[in-house]
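Trainee: So that we are looking at the same thing, I have put the structure below in structure tokens.
Laboratory data are not the source of any read-out in this text; all were calculated from the coordinates shown. This is a predicted model, so every value here is computed, not measured. Here Cβ is always computed from backbone atoms with ideal geometry, including for glycine, and neighbour counts include all displayed protein chains.
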């Protein structure tokens, strides 16, 4: 079965989703049922397309990118102005907010939400990510493609793969020593660990380039190096070494915390397909995702990822269109009898942390 790609056109996602090969007579009935289930997505995709919600929102993104670059430049100018004072370190807080906004824009470029051309979106992603943040566009796209294709599916989704944290009790049972202690207390350690997420993303971006094509290594590597040189150069030129180190720690810590928090509650604690299970596109995306209420504040702080169900169903729909797609998706889920999960921000984190706590429970005995 072909999985929808990160930048696939939404109208194409319903074609063939959920169909399985027919191997015997008993399998024919199951394949027929899967075929009927797969057709559930087609009417929804047509409604979204007919409503004009697949259209690009270039004006929105031009304004967002321009404002982000202007805000970043203004903040560094303020750092230069107050460089002699420790108050300059406080500017790392709004700078972290601006950096997270830029990461959201890079995410949207990766989904081909901004430009019509894949090449233009790639270059936007390289400039916003590699040059603007030190986050590799190639690494992010590879990882995020696999997540979107099989969300919450162990062995297929890298976001629930083996790592510092565990997402299933089977993963937890394999940990020993200090690693087991971390899993046992991972619900309490989760947000403190996010303070290191910015650094983690940058290290993985650089490591990803090993073994890649020379052209990719040259382009992405040079942009990553340029970001690092400019970032450290500004900090240590405008501030004394001590202030610069504190400034960088605050900026990177809050950037990782904010960005990680925006992604943390979207899928954790939601349904996880078992080994060998094959869900159609509609169910694979809806049952594993959780929306977050909160209006314009949530839209801003979470970069549109609060519409996680709509984003997973239609990954190339522009961010400002997601709130208009939502009532169509909610109505369609009710029509086909599919649970549509939406909750407040605090409850979404509570559910995600409760899942993490449950995974680590056997290691606390």
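Trainee: Which of 270, 356 comes first, and how do the rest follow, when ranked by fewest Cβ neighbours within 10 Å?
Mentor: Taking fewest neighbouring Cβ atoms as first place, the list is 270, 356.
Trainee: Moving to a separate point now. Show that you can apply the helix-only estimate: for the chain, add -39,500 (n - 2.57) for every DSSP H stretch of four or more residues, divide by all residues, and state [θ] at 222 nm to the nearest 500.
Mentor: Value at 222 nm, helices only, nearest 500: -19500 deg cm²/dmol.
Trainee: OK, next. So for the pair residue 207, residue 364, with labels modelled 7 Å out along Cα→Cβ, what separation do we get in nm?
Mentor: In this crude spin-label approximation the distance works out to 2.9 nm.
Trainee: Where does helix 25-38 land angle-wise versus the long Cα axis of the chain, in degrees 0 to 90, nearest 10?
Mentor: Tilt of helix 25-38: around 50 degrees.
Trainee: For the chain, modelled as a Gaussian network with Cα springs under 10 Å, which listed residue fluctuates most, 106, 136, 276?
Mentor: Maximum among the listed residues: 276.
Trainee: Of 102, 210, 169, which is the most mobile in a GNM of the chain whose springs link Cα atoms less than 10 angstrom apart?
Mentor: Result: 210 has the largest fluctuation of those listed.
Trainee: Okay, moving on. Which order results if 49, 283 are arranged by neighbouring Cβ count within 10 Å, fewest first?
Mentor: Numbers: 49 15, 283 21.
Sorted ascending by nearby Cβ count, the order is 49, 283.
Trainee: Between residue 90 and residue 70, what length comes free when the chain is fully extended (0.36 nm per residue of separation minus the Cα-Cα distance, one decimal in nm)?
Mentor: Length gained between residue 90 and residue 70: 5.3 nm.
Trainee: Report, to the nearest 10°, how far helix 241-264 tilts away from the longest principal axis of the Cα atoms in the chain, using its own Cα long axis and a range of 0 to 90°.
Mentor: Between helix and principal axis, roughly 10 degrees.
Trainee: So what are the chain's ellipsoid semi-axes, whole angstrom, largest first, if each one is the square root of 5 times an eigenvalue of the alpha-carbon gyration tensor? Don't jump to the answer; show the numbers that get you there.
Mentor: Working: eigenvalues 262, 127, 76 Å².
Its equivalent ellipsoid spans semi-axes of 36, 25, 20 Å.
Trainee: If we count other beta carbons within 10 Å of each Cβ, what is the order of 346, 263, 104, fewest first?
Mentor: If I rank by nearby Cβ atoms, fewest first, I get 346, 263, 104.
Trainee: If you don't mind, there's one more thing I want to ask. Kindly express, to the nearest 10 degrees and within the range 0 to 90, the angle between helix 197-208's C-alpha long axis and the longest C-alpha principal axis of the chain.
Mentor: 80
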